[in-house]
Amino acid sequence: MKTIDIQKFVPSQSIEWVYLEKPHYLMPDNAVGHEAFAVIRDAMKADNVVGVSKLVIGRRERAVVLEPRDNGIVLWSLRFGDEVRPEEAYFEDIDDEAEPDLIPLVQKLIKQKSARWSPEMVSDPIQESLLKLIEEKKRTLKPTRKSSKTKETPAPASNVVNIMDALRKSVADDLKSRKAS
């Protein structure tokens, strides 16, 4: 059983998304844990805060955030401060103001291409192709069913020996020879 000691609570909107690294679903492991889990989750929701803690993940201590979500808690591992570079250095050469006449045109394009988010929008085409190939292989390797009207031909004789059957036969033959003598 692992416990997580929450060190601080901070407003949920105070952590910028660039610090969030990887989500994990947090689950209690016993009845007492379920009750404590629900109380902490609901209190954080009511106060609109997240818990900040440290946890060893992959043999390395990581800062984590516990975020209440629906009936659960999502534990986000965080990037360290020196892993997140300030954006100003990257955006300083970009114009502050866009051409005002072009904004309505781009807004029209955005409206035409807008859709509700769906995880299928970020599907992995390589994974999908591999799964299709595997399914095709399974279908080609499945034995075809013979109709009940056609006679079944006996399997051709094989030189493959079942070692367990051969061992049993050998032991049985040995026991018979011992009884005979």
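The values are calculated or read from the model by the stated rules, or taken from the named source; none is laboratory data. This structure is a prediction, so every number in the text was calculated from the model and none was measured. When we count neighbours, we look across all protein chains shown, and the Cβ atoms used for this are built from the backbone with ideal geometry, even at glycine.
May I ask you to say which residue of Ile126, Ile110 is within 30 Å of Arg60 (Cβ to Cβ) and within 34 Å of the chain's Cα centre (by Cα)?
Ile126
Matching residues to (1) over 17 Å from Phe80 (Cα atoms); (2) among the basic types (Lys, Arg):
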{"residue": "Gln13", "(1), (2)": "yes, no"}
{"residue": "Lys22", "(1), (2)": "no, yes"}
{"residue": "Leu26", "(1), (2)": "yes, no"}
{"residue": "Val32", "(1), (2)": "yes, no"}
{"residue": "Phe37", "(1), (2)": "yes, no"}
{"residue": "Ala43", "(1), (2)": "yes, no"}
{"residue": "Asp47", "(1), (2)": "yes, no"}
{"residue": "Ser53", "(1), (2)": "no, no"}
{"residue": "Ile57", "(1), (2)": "no, no"}
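Would you say Asp101 is of a type in the set (D, E, K, R), part of a loop (DSSP other than H, G, I, E, B) and at negative phi?
yes
Could you list, in sequence order, all residues of region 33-59 that are touching a strand residue (DSSP E or B) at 6+ places or on another chain (Cβ under 8 Å) and outside any strand (DSSP E or B)?
Of everything in region 33-59, those that are touching a strand residue (DSSP E or B) at 6+ places or on another chain (Cβ under 8 Å) and outside any strand (DSSP E or B) turn out to be Phe37, Ile40, Arg41, Asp42, Met44, Lys45, Asp47, Asn48.
Of the residues Ser114, Ser53, which is without any contact (Cβ under 8 Å) to a residue 12 or more places away in the chain and small (Gly, Ala, Ser)?
Ser114 is the lone residue from the list that is without any contact (Cβ under 8 Å) to a residue 12 or more places away in the chain and small (Gly, Ala, Ser).
The rows are residues; the columns are (1) of a type in the set (Phe, Trp, Tyr); (2) assigned to a helix (DSSP H, G or I); (3) modelled with pLDDT of 80 or more; (4) at positive phi.
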residue: Glu97; (1), (2), (3), (4): no, no, yes, no
residue: Leu105; (1), (2), (3), (4): no, yes, yes, no
residue: Ile110; (1), (2), (3), (4): no, yes, yes, no
residue: Met121; (1), (2), (3), (4): no, yes, yes, no
residue: Val160; (1), (2), (3), (4): no, no, no, no
residue: Ala172; (1), (2), (3), (4): no, yes, yes, no
residue: Lys176; (1), (2), (3), (4): no, yes, yes, no
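In region 1-44, what count of residues is obtained for those that are surrounded by fewer than 10 Cβ atoms within 10 Å (Cβ to Cβ) and acidic (Asp, Glu)?
The total comes to 2.
Looking only at residues that are among the hydrophobic types (A, V, I, L, M, F, W, C) and in a loop (DSSP other than H, G, I, E, B) in region 60-90, which one is farthest from Lys45 (Cα to Cα)? It would help to see each step written out before you state the result.
From region 60-90, those among the hydrophobic types (A, V, I, L, M, F, W, C) are 63-66, 73-76, 78, 80, 84, 89; that's our starting set.
In the following step, the residues that additionally are in a loop (DSSP other than H, G, I, E, B) were identified as 80, 84.
On the way: Phe80: 25, Val84: 27 Å.
Ranking the qualifying residues of region 60-90, first place goes to Val84.
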